[in-house]
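Every number here is computed from the coordinates shown, using simple stated rules; none is lab data. Note that this is a predicted model, so its numbers are computed, not measured. In this analysis, Cβ positions are derived from the backbone assuming ideal geometry, glycine residues included, and neighbour counts consider all displayed protein chains.
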Amino acid sequence: MYNINKDLANIFKRMGAIYEFLGDKFRSLAYYKASEILEDLPDDVRNYILNGKLYSIRGIGQGIATKIEEYVETGKIEKYEELKQLVPEDFLELMDLKGIGPKTLKRLYDELGIKTKDELIKALKDGRVEKLKGFGKKKVERILKSLELYEISKKRIILWEALQISRYLKDTLKNSLSKEIKKIEVVGSIRRRKETIGDIDILIACDEKDRLKIADFFISIPEVSFVIGKGEKKTSVIMKFDNRERQVDIRFFNLNEWGSALQYFTGSKEHNVHVREIAKEKGLKLNEYGVFKVDTEERIAGETEEGVYKALGMEWIPPEMREDRGEVELALQGKIPKLVELKDIKGDLHIHSTWSDGVNSIKDIAYFVREKYKYEYIVITDHSKTQRVANGLDEERLLKEIEEVKLLNKMMGWEFIKIGTEVDILLDGSLDLSDEILSQLDWVVASVHSHFNRDNTDRILKAMENPYVNAIGHMTGRLIGIREGFKVNMNEVLKKAKETGTALEINSQPRRMDIDEHWVKRAVEEGVKMVISTDSHSLGNFAYMEIGVSIARRGWATNKDILNTGSWEDIKKFVNEKRKKFGAVLK
DNA sequence: GCCGTTTTCGGCCCGACTGTTTTCAGTCG
């Protein structure tokens, strides 16, 4: 999205690796942290410079701020160019390998002259590494195995897939060993609902005598393709699901350690470091087994996560917020917001039927959704005519669709189905349907479906000025792992959305997740309203609502930020406010 | 390199595991 942030994040990561290799541990850590901060920054770093806010970012000090400014001005960082002369380029990748850290790499470099991955493999296989003092057969085997697993670990899977896999594993374990397993929870980035997931981590509370039995069962699950290690504290395997390989770790704890273990293994790393700093300031020590007083070693918490945070003088923090983006400070002040929840959603505002490219009739959708999700309303939003491949509707067919919805509502005896459209935003920013017909609809989503290689801010701004457009669909058009989103200027869009009374859609399709959490956080800050929609094309797609709610929670959204936590009356009010503002026909 | 009403210098999260040792260094999460 913001290439300059990404560029800088990459440079700082490399500088961190170089300093780590050079043995400057803490300077290295500072650069790694700066890299994470840049990666995570919700806005273009150049705007921080303009607003004079660069120096107020926690973790960015004088030294790194100067380097950011240097990069913005000149396009490079002199110090980085110098450092690159000291260390071979490939070392960043080599340090990523499990089992090789800076010390090992330095010895391989000093004593065997190894500079690339290929040279490393050769030296491992021809026995030169094994002969070094302090090395042995096992260490060599471990490094070779990690080379093999490297490609797997580099690929991340999307949240939806990770949720399916982790739930299958949790159910399989729980159902097969219901007596032995007292508690089981999926932790790590899945519990935080990150967009993409690396490893899958599962915690289990049980009696110590049952640990090996559970581990044995776990490694016998048919999807396990390789056992990395088996023990009483931790067991790790590689599993294969539909040709995708994932590392899965299970860890064992006693019941009274459950809360601190959950806290510890949910992360993120940055959040935990910050929380442990707080503990230290209070003369306490926090680890995965509990909260302890430093002087007397007395254990004062650990059974529950709430208890762990409380012992540190903090409110419990929802996992989705634990990224060290300011939530620790809020928790200390008791000001953690009440985030939107799946159960708060009262309807879905973006749905396709057989009228365009959906696979189910409006009638089937209505009965299914009302029964299964207990929503108060749904809006059918089929494509408009430019989307020929999606069987998009022209004005004439849309009028017929409106009639069908009226009939169905009469039949069901409830005004459950609302009629809308997902209208195309054309290249010049005009819409694919006339105002005359748009004014007859309950809800209008406008989306860009073409020209992905340009900055599309102009088209989106113009579409928002149409009095009948209520939300912008899948803002950047990205498809995770397939297509980068096109450029959109977030600040201008947020400003225009606020000014015109247009909502932003959080599209819940697993590969879209668009807008993303950074947009959401900014929208919350600016008071711009959002809707969470599934963009469903089949009955199974309605389950994606969970994904959209996760994005909203990671952006700290509460019910007041999300329109479809309200009744249909609330939504109608939002629609009419915009129409009134523009002197247009009221609904 | 960052940070701070105990500090502008001297700290920087903490414990487990592994392999190669015989008391510990390196790595990981």
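Here are some notes:
- Region A:158-253 - share of DSSP beta bridges that are antiparallel (%, nearest 5): 75
- Packing rank of A:371-382, A:470-481, where each peptide gets the mean count of other beta carbons within 10 Å, highest leading: A:470-481, A:371-382
- Antiparallel bridge percentage (DSSP; both residues within chain A; nearest 5): 50
- The GluC sites (Glu not before Pro) of region A:37-124 that meet both conditions, a loop assignment by DSSP and at most 15 other Cβ atoms within 10 Å of the site Cβ, are A:89.
- Gap separating the Cα centres of region A:542-558 and region A:208-251, nearest whole Å: 30
- Panel note: the C-alpha atoms of chain A, placed on their principal axes, show extents of 81, 64, 50 Å (largest first).
- Whichever aspartates and glutamates have a C-alpha closer than 16 Å to that of residue A:138, once near sequence neighbours (fewer than 8 apart) are set aside: A:126, A:130, A:148
- In a fully extended conformation the segment linking residue A:458 and residue A:538 would gain 25.6 nm over its present Cα-Cα distance, using 0.36 nm per residue.
- FRET efficiency, residue A:299 to residue A:208 (Cβ-Cβ, R0 25 Å, nearest 0.05): 0.90
- Rounded to the nearest 0.05, the FRET efficiency derived from the C-beta distance between residue A:492 and residue A:242 at R0 = 56 Å is 0.85.
- Taken about its Cα centre, chain A carries a charge dipole of about 1540 debye when Lys and Arg each add +1 at the Cβ and Asp and Glu each add -1 at the Cβ.
- Percentage relative contact order, region A:264-333, counting C-alpha pairs under 8 Å, at least six apart: 29
- Order by protection proxy (mean Cβ within 10 Å, highest first), peptides A:300-306, A:219-225: A:300-306, A:219-225
- Where labels lie 7 Å past Cα in the beta-carbon direction, separation of residue A:335 and residue A:183 in nm: 3.1
- Each residue, residue A:137 and residue A:24, gets one label point 7 Å from its Cα in the Cβ direction; the gap between the two is 4.2 nm.
- With contributions of -39500 (n - 2.57) from each DSSP H run of at least four residues, the per-residue ellipticity at 222 nm computed over chain A stands at -13500 deg cm²/dmol.
- With the simple spin-label model, which puts each label point 7 Å out from Cα in the Cβ direction, the residue A:199 to residue A:90 separation comes to 2.6 nm.
- Global geometry of region A:36-164, whether rounded, prolate or oblate, following the gyration tensor of its Cα atoms and the 1.5 cut on a/c: oblate
- Ranked packing of A:18-24, A:276-282, most packed first, by mean Cβ within 10 Å: A:18-24, A:276-282
- When the C-alpha to C-alpha distance is required to be over 27 Å, the pairs from A:174/A:372; A:115/A:139; A:13/A:183; A:6/A:385; A:194/A:363; A:76/A:498 that qualify are A:13/A:183; A:6/A:385; A:194/A:363; A:76/A:498.
- Cross-link reach is defined here as a Cα-Cα straight distance under 18 Å, omitting same-chain residues fewer than 8 places apart; for residue A:338 the lysines meeting it are A:310, A:346, A:521, A:529, A:560.
- Virtual paramagnetic centre 7 Å along Cα→Cβ of residue A:451, amide N under 20 Å, in region A:472-488: A:472-479, A:484-488
- Between residue A:81 and residue A:219, the C-beta separation translates, for a Förster distance of 56 Å, into a calculated FRET efficiency of about 0.70.
- Taking chain A and dividing mean pair separation by its residue count, relative contact order in percent (alpha carbons under 8 Å, at least six apart): 9
- Contour excess over end-to-end distance, with Cα ends at residue A:6 and residue A:146 and 0.36 nm allotted per residue: 47.7 nm
- The ranking of A:530, A:411 from fewest to most other beta carbons within 10 Å of each one's beta carbon is A:411, A:530.
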